[in-house]
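Presented below is the structure to which this report refers.
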Amino acid sequence: MNKDDVAIQVKQAVKRYGTFTALKEISLTIHDNEFFTLLGPSGCGKTTLLRMIAGFEDVTEGSIQLFGQEIESLPPNKRPVNTVFQNYALFPHMTILENVGFGLEMKGTSKSEAQAKAMEMLELVQLSQFAKRKPSQLSGGQQQRVALARALAPQPKVLLLDEPLSALDLKLRKAMQLELKHLQRETGITFIFVTHDQEEALTMSDRIAVMSAGELQQLGSPREIYETPKNRFVADFIGETNLLEVTVDTIANDRATCHLGGGHQLTCNAVDGIGVGANVHMSLRPERLFISDTATESESLSGTVVENIFAGTDITTIVDLAEGPRVTVRTSNSDRGNKRIFEAGSQVFVNMEHGAARLMAN
Amino acid sequence: MFKSSQTHDVRSYLGFKTVTILCLIILYTPLLVVTVYSFNASKSITVWEGFSLRWYADVFVGPESAKFKLAAWNSFVIAIIAATVSTVIATLAATGMIRAGKFKLRPLSFGLISLPIMVPEIVLAVATLIFFNSIGFQRGFATIILAHITFCIPFAYLPISARMQGIENTFEEAALDLYASKKLAFSRILLPLMGPGIISGFLLAFIVSLDDFIITNFVKGAGVETLPTAIFGAVKQGIKPNIMAISTMLLMVSVVMVTISYFISKSDKTN
């Protein structure tokens with residue numbers, strides 16, 4: 001298995017339900033051995049795409065290839081992919097061991113061999129002591145791991161995960177995120193992970209496809225989509241950001257000078273396709289801004305502190321720009337030694353480094 | 001979900017206790033009287049003369065015992081065949097109705113399956129009789145079985161389809177995803193999950209068939225008797241205490257069935 005090999009190729013796939021179009025011409029390539037995430041709000045079509053790969057939904061137009069092979073004509077039981085379902089879908093009338101061994105048994109492995117392999121899988125997820133129990137006797141987190149073991153036992157080429165962590169509490173979810181990531185590295189199986197949780201996607205993925213309203217918005221590494229969001233939707237959906245309406249005044253030397261409400265001016269990198277006079281949005285990540293009582297950087301906005309919100313690891317400061325919009329600034333608590341916290345009502349400057357502000361087309 | 005709120009607890013309503021007790025008395029007094037008097041030593045059905053099992057003995061070895069034994073045998077054979085066949089049909093119908101996706105005639109199909117419950121039984125009885133006559137079918141044991149299978153289907157269908165509706169699609173999808181064929185996904189996953197519903201459906205169909213009188217009386221051939229028609233025939237010549245003994249035993253059969261059904265649904269941990 002090699003990362004350069006193509007595991008799944010989706011070519012202009014369209015899915016329509018009657019007159020409703022759930023997926024509008026999606027094309028993407030998923031590499032072998034990759035942790036690939038489909039990220040988007042509910043109703044964006046991410047689960048539909050996953051179900052099309054699994055074989056539960058047919059493709060209205062376009063094609064899906066698995067390791068170079070067209071799979072549309074194959075029913076789900078003939079596709080070398082397995083799914084971890086959102087509600088786990090463990091068979092309630094079977095023991096944990098029977099559940100995990102089911103796929104192997106259906107593939108034609110003898111019952112004793114299937115059970116031996118199932119036991120190995122249970123050891124991998126540290127649940128071998130529960131082999132004889134029924135699913136209802138296990139906690140949510142344990143059921144989740146059984147579902148994972150069951151889907152991995154037949155050694156699929158691709159593992160599909162449909163929001164598998166959404167039912168778990170925060171602590172367990174964080175632990176499972178790491179466990180999943182390790183499991184993916186150990187097994188070398190391609191994982192396609194569906195989630196609406198951007199933080200989860202950023203933590204776990206090699207690459208992320210951000211989707212909205214049935215369309216692919218951006219495809220890239222977590223760093224790429226976080227630091228260079230292609231459009232307003234991605235900037236807003238991934239992480240937190242200040243989206244300010246701006247008008248481009250001049251462009252020179254690849255730098256665009258813009259103004260926003262209240263006469264504030266900012267310069268940032270020019271973007272192809274956004275010319276002088278364009279009314280567009282500017283994204284300012286709160287953690288890339290900092291507050292001081294003087295304009296310390298070349299890019300600076302003046303305003304008044306409205307409120308400081310303490311949130312454990314960091315402090316969020318809300319600043320009203322003079323006669324302009326409101327911006328959020330985040331200061332890490334570990335930085336407090338060299339950064340002052342200004343009381344509400346203080347006149348301050350919101351400073352940013354060169355390149356912190358990004359222009360984006362609507 | 002059951003939400004107990006103090007202001008809307010029915011137990012706080014005026015006369016709740018009285019009405020409840022009254023209803024229970026009206027429902028169960030006749031059954032209680034029949035059961036108690038089935039142990040009466042007297043020949044009279046209203047005068048108590050002490051405890052005795054003579055009428056139970058009379059049912060099994062008395063002058064009418066041959067008639068009742070044959071009728072009981074017929075009833076049980078008919079009920080078992082009718083319940084089995086109608087349960088199989090109802091299971092397939094429920095699978096088709098609920099698992100085959102949405103189809104145009106689904107509401108109509110559902111109506112057609114459950115209609116016989118709404119139709120007055122006498123209408124069904126007459127219709128069935130006319131049908132058998134018009135196709136020249138000799139009335140006898142077979143006509144009773146066919147008629148019972150037919151009217152038992154909706155009774156078997158209701159608990160089965162209710163159960164099936166509670167089974168999420170993902171179980172079947174998970175089975176298919178794990179390389180099971182459609183057939184295996186049905187036999188290994190769906191069928192066991194439907195089990196409690198199928199057993200309830202069977203028991204309900206069995207009871208309905210066992211105590212059916214109207215349709216049976218119309219379609220039975222001369223000389224073929226089931227327990228209800230035999231009892232009716234005997235009662236026409238005056239009620240004897242042995243009828244009470246038979247009724248009490250039938251009541252016991254029902255109680256056993258309901259108990260089985262209760263324990264099956266209770267031991268079912270699949271939900």
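The values are calculated or read from the model by the stated rules, or taken from the named source; none is laboratory data. All values derive from a computational prediction rather than experimental measurement. Using ideal geometry, Cβ is built from the backbone for each residue, glycine included, and neighbour counts are taken over all protein chains shown. Note: areas computed on protein heavy atoms with side chains; ligands, DNA, RNA excluded. Shrake-Rupley method; radii C 1.70, N 1.55, O 1.52, S 1.80 Å.
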Residue among A:LEU178, A:LEU160, A:LEU168, A:LEU216 that alone is closer than 19 Å to B:ASP177 by Cβ, out of contact with any Pro (no Cβ under 6 Å at 6 or more places or on another chain) and not acidic (Asp, Glu): A:LEU160
Condition check for B:TRP48: touching a residue at least 60 places away in the same chain (Cβ under 8 Å), farther than 25 Å from B:VAL208 by Cα and over 17 Å from the mean Cα position of the chain (by Cα): no
Residue satisfying condition, being under 17 Å from B:ASP211 (Cα atoms) and either touching a His at 6+ places or on another chain (Cβ under 9 Å) or at pLDDT 95 or above (or both), within set B:ILE81, B:ILE122, B:ILE117, B:ILE145: B:ILE81
Matching residues, the stretch A:101-110, being within 14 Å of chain B (Cβ to nearest Cβ) and in a loop (DSSP other than H, G, I, E, B): A:LYS107, A:GLY108, A:THR109
Top-ranked residue in the stretch B:53-108 [being free of Cβ contacts under 8 Å to residues at least 60 places away in the same chain and β-branched (Val, Ile, Thr); ranked as surrounded by the fewest Cβ atoms within 10 Å (Cβ to Cβ)]: B:VAL61
Residues (more than 22 Å from A:PHE36 (Cβ to Cβ) and open to solvent by 10 Å² or more (accessible area, probe 1.4 Å)) located in the stretch A:142-159: A:GLN142, A:GLN143
Subset of the stretch B:163-186 (residues that are more than 14 Å from chain A (Cβ to nearest Cβ) and either open to solvent by 60 Å² or more (accessible area, probe 1.4 Å) or among the charged types (D, E, K, R) (or both)): B:GLN165
Residue check for A:GLU98: more than 30 Å from A:GLY239 (Cβ to Cβ), open to solvent by 10 Å² or more (accessible area, probe 1.4 Å), part of a helix (DSSP H, G or I) and within 12 Å of chain B (Cβ to nearest Cβ): yes
When residues of the stretch B:192-207 are limited to those that are within 14 Å of chain A (Cβ to nearest Cβ) and open to solvent by less than 10 Å² (accessible area, probe 1.4 Å), the one nearest to B:LEU115 (Cα to Cα): B:GLY197
Residue match in the stretch B:248-268 (condition: outside any helix (DSSP H, G or I) and free of Cβ contacts under 8 Å to residues at least 60 places away in the same chain): no
Hey, A:ALA116 assigned to a helix (DSSP H, G or I) and not aromatic (Phe, Trp, Tyr) or not: yes
Residue count, the stretch A:111-167 (criterion: under 24 Å from the mean Cα position of the chain (by Cα), of a type in the set (Lys, Arg) and within 14 Å of chain B (Cβ to nearest Cβ)): 1
Entirely in the stretch A:290-362, the strands (runs of 3 or more DSSP E) that have 3 or more residues that are surrounded by fewer than 19 Cβ atoms within 10 Å (Cβ to Cβ) and out of contact with any Pro (no Cβ under 9 Å at 6 or more places or on another chain): A:299-311, A:314-321
Hey, B:ILE189 modelled with pLDDT of 90 or more, open to solvent by less than 20 Å² (accessible area, probe 1.4 Å), in a helix (DSSP H, G or I) and within 14 Å of chain A (Cβ to nearest Cβ) or not: yes
Residue satisfying all of: in the stretch A:20-57; of a type in the set (Phe, Trp, Tyr) and more than 13 Å from the chain's Cα centre (by Cα); surrounded by the most Cβ atoms within 10 Å (Cβ to Cβ) among these: A:PHE56
Those residues of the stretch B:113-134 which are in a helix (DSSP H, G or I) and among the aliphatic types (A, V, I, L, M), in sequence order: B:ILE113, B:LEU115, B:ILE117, B:MET118, B:ILE122, B:VAL123, B:LEU124, B:ALA125, B:VAL126, B:ALA127, B:LEU129, B:ILE130
Answer residue from the stretch A:80-93, given it is in contact with a Gly (Cβ under 9 Å, 6 or more places away or on another chain) and either open to solvent by 10 Å² or more (accessible area, probe 1.4 Å) or over 16 Å from A:ILE192 (Cα atoms) (or both) and is farthest from the other protein chains (Cβ to nearest Cβ) among those: A:TYR88
Complete set of residues in the stretch A:132-156 that are among the hydrophobic types (A, V, I, L, M, F, W, C) and either without any contact (Cβ under 8 Å) to a residue 40 or more places away in the chain or under 16 Å from B:THR170 (Cα atoms) (or both): A:VAL146, A:ALA147, A:LEU148, A:ALA151
